1. State all residues of region 278-307 that are charged (D, E, K, R), closer than 21 Å to Gln340 by Cα and more than 12 Å from the ligand (Cβ to nearest atom); if no residue qualifies, say none.
2. Quick one: would you say Gly129 is assigned to a loop (DSSP other than H, G, I, E, B) and modelled with pLDDT of 95 or more?
3. Looking at (1) modelled with pLDDT under 95; (2) away from the ligand (no atom under 16 Å from the Cβ); (3) β-branched (Val, Ile, Thr), which is the one condition that is false for Val216?
4. Is at least one residue of region 182-193 part of a loop (DSSP other than H, G, I, E, B) and either surrounded by fewer than 19 Cβ atoms within 10 Å (Cβ to Cβ) or within 16 Å of the ligand (Cβ to nearest atom) (or both)?
5. Could you look through region 409-445, keep only residues that are closer than 13 Å to Pro173 by Cα and under 22 Å from the mean Cα position of the chain (by Cα), and pick out the one that is modelled with the lowest pLDDT?
6. Return the residue satisfying two criteria in turn: it lies in region 140-158 and is modelled with pLDDT under 95 and among the hydrophobic types (A, V, I, L, M, F, W, C), and of such residues it is farthest from the ligand (Cβ to nearest atom).
7. Among the residues in region 199-210, are any in contact (Cβ under 8 Å) with a residue 60 or more places away in the chain, in a helix (DSSP H, G or I) and over 15 Å from Ser286 (Cβ atoms)?
8. Test each condition in (1) at negative phi; (2) within 15 Å of the ligand (Cβ to nearest atom); (3) touching a Ser or Thr at 6+ places or on another chain (Cβ under 7 Å) for Thr238 and report the one that comes out false.
Amino acid sequence: MTYAATPLAPALQHLTRTMPASAQYKVTDMNTYRYNKKRKEHQLVSVPAVPRPKYVPPVFPMSAGDLEAMHNGTGELLSILSWMRPDKTQAEADFVRLYVADLQALADVYRVDGFGNIWVTIDPVTNEGARDVATSPSILFSCHTDTMHSVGGRQDVEFKADNQTLGLVQKKPGRCLGADDGAGLWLMREMIRARVPGSYVFHRAEEVGRLGSTWVERNDSKRLAGFDACIAFDRKGTDNLITHQMGQRGISDAFADSFLGSLKRASDGKVSLVHDDTGSYTDSYSYFDYIAECCNVSIGYRSEHGPNETLDVGYLWSLRCAMIRADFSGLKIERDPTVQDYGYGSGWDGFGWPKGAGGVYRGADAYADGDYDYDLPKSYGRGMGRISSWREDELARKDKASKQAIDAADDYFGAEDDRLTTLCREFPSVAATILQDVGITAMDFMESIGIGYPEDDVSEASN
Ligand SMILES: [Zn+2]
């Protein structure tokens, strides 16, 4: 199908005609209108100044020597981030062949489970000069292979002026840097190359509702036996050790302190993380009932899941050096995985999270087994007839998973998201102007939500 560039307003009108009624809003022209609820009509208001996103400098300081070492050592990271690899795409499958399956040559044990998650073990016994293996805890490191891109393919990434922060060259909707979780995946490759003892799992389909790890939890939990800790590398920022996910404690304070101490010593104080109990979830959350200590560690990305995502490579490089050098034989394993603990201090009080309610969300996973009562409106599918590439079963599957994830996230972060959605609804013209200002065309927009704009409709739409 070929697409033609079109003016924004008619394109948006065309777009809304193809959407379900519930998702439609009044498309106005490029002036700014505000909906007056009393008079039930849109009224022209003065155009507010559009705030520009401010450049956020990296927070992790690097010396010139470290910066040079980092640039020499992170070439592969840039290649990894050039892949747009959402779940169930050919690009993701190709990517996994290139950047995960090749680890077979280095692994002492290499397995692919029934879902497609890949498990690599670096055996401490065959690791000459390894630390005291008899007393060392057994660690499972975790990342995920998929990203939040709307389509699979390749993209250009570049260092910003500071020579330390990576970002996208072209910021388009439906895109992201994919450092969530390309950064975690790269870090695990580096640790495997350096033969850091432990097991490493490359999860599939995390971004569409933790499908890979919940599959393991339900169908293959024997694989989790024997691990003392699961350390996921899938957290934004440069200073977080996630102690709680969905309000439930995943690691003991003793583990947190001993792990952070090891990282600090191994990095001469550079990698200095703090306890954070405000985690939503990543794959390690699926293993709470099976592995004693389950956490998530900052790997340097921010503004993930969107075109403004950046990665502080300086931080990631320092974390990589620390993880390779650190001695984890003194990690304290104390949490009892059979006991659910929702007691925590500061993080969630403001969100009105009821005590013990976290269990509802874990239980809600059962919906993914088939009795989940969520369907797209009938008219939705008909209106979307022009979409060429969506396979319906896949759409339904993704939608179930993402609706669950969105519902859960909304309860936590709803306040912020609702505000933005409400603003877009109330000020569609301003929203469109902001999109245009950052270089996003109507065609980009439609592409990102999966709606093609066929050439033969151009004349109709521009009349
Ligand atoms: Zn992630």
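The values are calculated or read from the model by the stated rules, or taken from the named source; none is laboratory data. Every value quoted in this text rests on a predicted model; they were computed, and no experiment measured them. Heads up, the Cβs are rebuilt from the backbone with ideal geometry, glycines too, and the neighbour counts pull from every protein chain shown.
1. Asp289, Glu293
2. no
3. (1)
4. No: region 182-193 contains no residue that is part of a loop (DSSP other than H, G, I, E, B) and either surrounded by fewer than 19 Cβ atoms within 10 Å (Cβ to Cβ) or within 16 Å of the ligand (Cβ to nearest atom) (or both).
5. Of everything passing the filter in region 409-445, Asp444 is modelled with the lowest pLDDT.
6. My answer is Val151.
7. No, because not a single residue in region 199-210 is in contact (Cβ under 8 Å) with a residue 60 or more places away in the chain, in a helix (DSSP H, G or I) and over 15 Å from Ser286 (Cβ atoms).
8. (2)
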